[in-house]
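Undergrad: Starting off with a structure, shown below.
Coordinate-derived values only; no laboratory data. The model shown is predicted, which means the values in this text are computed figures rather than measured ones. Note that we place each Cβ from the backbone using ideal geometry, even for glycine, and neighbour counts take in every protein chain shown.
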Amino acid sequence: MLEEQIAAFDTIPLATQVAMLRHALDNRDMLAGNVEPTIAAWLRGDLAGLARISDRTYERFPDLRVHYSRLVKHMILDRTALMHHRLFLPLRSGRLRRRRRAAPVRRAGAAGAAQGGRLSADPGVVSGFRG
């Protein structure tokens, strides 16, 4: 799975990688201000709140809209489809047992929140099984 995660970054167009990196460097203080609200939303299970935090950030920077869309496609949507594909048959056949969701780790921050959103948000992995 580690190779798969690294490969997901590799699929993002280079222009988008550069634009997002420059944005992160130029706006690190503003982005750092999102960490605590993101963690709080994640701990509450507030997926709509997570989306609002992300949307507000990119509404302030309309030049990044195309790059943000590419990032979401490659890191969230494409990986959600892959995860759904991997889990569908084992879950359906009963080979995987449902577990209680582990409490999120505070240090996971935005990365953990992104993962949680991918699992539960629409069109997320969990919602895919419901449909």
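Undergrad: Taking H as built 1.01 Å from N, whose amide H comes closer than 5 Å to the amide H of I12, not counting residues under 5 places away?
TA: So I12 has HN proximity to no qualifying residue.
Undergrad: Could I have the simple spin-label model distance between I12 and A81, label points 7 Å from Cα toward Cβ, reported in nm to one decimal?
TA: According to this spin-label approximation, the distance is 1.9 nm.
Undergrad: What does a probe at D26 reach in region 56-71, counting residues whose amide N is under 17 Å from the point 7 Å along Cα→Cβ?
TA: 57-69
Undergrad: Along Cα→Cβ, 7 Å out, is where each label goes; now give me the distance between the ones at L2 and F61 in nm to one decimal.
TA: 2.9 nm
Undergrad: Separate question: From the square roots a ≥ b ≥ c of the eigenvalues of the alpha-carbon gyration tensor of region 13-78, which class results: rounded (a/c under 1.5), prolate (a/b over b/c), or oblate?
TA: Oblate, since a/c reaches 1.5 and b/c is not below a/b.
Undergrad: For region 86-91, take each phi angle, set θ = phi - 60°, evaluate the Karplus expression 6.51 cos²θ - 1.76 cosθ + 1.60, and give the result in whole Hz per residue in order, putting x for glycine and proline.
TA: Per-residue couplings from phi come out as 5, 8, 4, 5, x, 5 Hz.
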